[in-house]
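The structure appears below as structure tokens.
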Amino acid sequence: AQSVAQPEDQVNVAEGNPLTVKCTYSVSGNPYLFWYVQYPNRGLQFLLKYITGDNLVKGSYGFEAEFNKSQTSFHLKKPSALVSDSALYFCAVRGYTGRRALTFGSGTRLQVQP
Amino acid sequence: GAGVSQSPSNKVTEKGKDVELRCDPISGHTALYWYRQSLGQGLEFLIYFQGNSAPDKSGLPSDRFSAERTGGSVSTLTIQRTQQEDSAVYLCASSWGDDRRPIQYFGAGTRLSVL
């Protein structure tokens, strides 16, 4: 079985400061990893993915994530937070084989204070 | 181009009634997924369609839930004899069905409230 853990329900950061949203995963074999963002009353919006290759993945809106195989982590980062980044962030995983459906973490609410 | 479209955006129903939720995927996408987002359970997979293959129904929570996909495009999720615990946001996603292009694109969801 595959699983995702997002240990923080909420992350608070001041505008202009760097942000990190944590994610660890468990999957059989190599993973596909994703980050999605959800704004109020909206669906999930894709931010970035890791399939293979460079461990540092760059995505939309200045976000990036670092894949660490030994720690089974895929933390989301941004060098300088914006108030408009305030939203709900989901990490998701699926395996290279088997079911293509995603398994999601519980979500982390990011609050950026002006 | 057009994204994933879901209708209705909101649905209020009485306990025991049947409801149908519709999803129109991105044109050309062969894979279609239904997920449910609720406060207690988070985001959970319900069912997955890939081309003409038999759907993966492993996430359906009970036999009151069913889904079909007609002509490889539009999908309908049906919930029979709705219960209050069915209240949630139902999200549909589609993708190319190709492991080189694994991104799933989500619709805005249908918020179902069972009174």
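The values are calculated or read from the model by the stated rules, or taken from the named source; none is laboratory data. What you see is a predicted model, and the numbers here were worked out from it, not measured in a lab. Neighbour counts run over all protein chains shown; Cβ positions are idealised from the backbone, glycine included. In case anyone asks, the SASA skips ligands and DNA or RNA and just uses the protein heavy atoms, side chains included. Shrake-Rupley method; radii C 1.70, N 1.55, O 1.52, S 1.80 Å.
Accessible surface buried by the A/B pair amounts to about 1700 Å², both sides summed, 1.4 Å probe.
In region B:68-115, burial by the other protein chains removes 30 Å² or more of 1.4 Å probe accessible surface, compared with the chain on its own, from B:99, B:102, B:103, B:104, B:106, B:108. The 3J(HN,Hα) values that the Karplus relation (6.51, -1.76, 1.60; θ = phi - 60°) gives for region B:72-79 are, in residue order, x, 10, 4, 10, 10, 9, 10, 10 Hz. Gly and Pro appear as x. Inter-chain neighbour count for A:96-106: the average number of beta-carbon atoms from partner chains within 10 Å of each residue's beta-carbon is 5. Remark: relative contact order (chain B) = 37 percent; criterion is Cα-Cα distance under 8 angstrom and separation of 6 or more residues.
The label-point distance for residue A:88 and residue B:58, in a model that sets each label 7 Å from Cα toward Cβ, rounds to 2.5 nm. Of interest is the spacing of the C-alpha centroids, which for region B:37-115 and region A:50-114 amounts to 23 Å. Computed with a 1.4 Å probe over protein heavy atoms only, the accessible surface of region A:1-112 comes to 47 Å² per residue.
Here the contact order of region B:55-113, divided by its residue count and restricted to Cα pairs under 8 Å and six or more residues apart, works out to 25 percent.
Peptide A:108-114 has a mean of 0 when you count, residue by residue, the C-beta atoms of other protein chains within 10 Å of its C-beta. For region A:79-96, list residues with backbone N below 16 Å from a point placed 7 Å from the Cα of residue A:56 toward its Cβ? So the set is A:79-80. Couplings for region A:45-53, taken from phi via the Karplus curve 6.51 cos²θ - 1.76 cosθ + 1.60 with θ = phi - 60°, read 10, 5, 10, 6, 9, 10, 10, 7, x Hz in order; Gly and Pro are left as x. Taking a point 7 Å from the Cα of residue A:17 along the Cα-to-Cβ direction, the residues of region A:74-114 with backbone N closer than 19 Å to it are A:76-89, A:108-114.
For region A:1-40, the extents of the C-alpha atoms along the principal axes are 38, 20, 16 Å, listed from largest to smallest. When the inverse distances between all different Cα atoms of chain B are averaged and flipped, the Kirkwood radius reads 14.1 angstrom.
Between B:58, B:66, B:27, the GNM of chain B built on Cα springs shorter than 10 angstrom shows B:58 fluctuating the most. Hey, any idea what % of region A:1-76's accessible area is carbon plus sulfur with a 1.4 Å probe? Of all accessible area on region A:1-76, carbon and sulfur atoms account for 43 percent. Working from label points 7 Å from Cα in the Cα-to-Cβ sense, the residue A:111 to residue B:66 distance is 4.6 nm. Residues in region B:38-54 carry Karplus couplings, in order, of 9, 4, x, 10, x, 9, 10, 6, 10, 7, 9, 10, 9, x, 9, 6, 4 Hz; the curve used is 6.51 cos²θ - 1.76 cosθ + 1.60 with θ = phi - 60°, and Gly or Pro positions show x. With only the Cα atoms considered, the protein assembly as shown has a convex hull volume of 126 Å³ per residue. Among A:101, A:65, A:81, the largest mean-square fluctuation in a Gaussian network model of chain A (Cα springs under 10 Å) belongs to A:101. Under a Gaussian network description of chain B, with springs only between Cα atoms under 10 Å, the residue in B:73, B:87, B:62 that fluctuates furthest is B:62.
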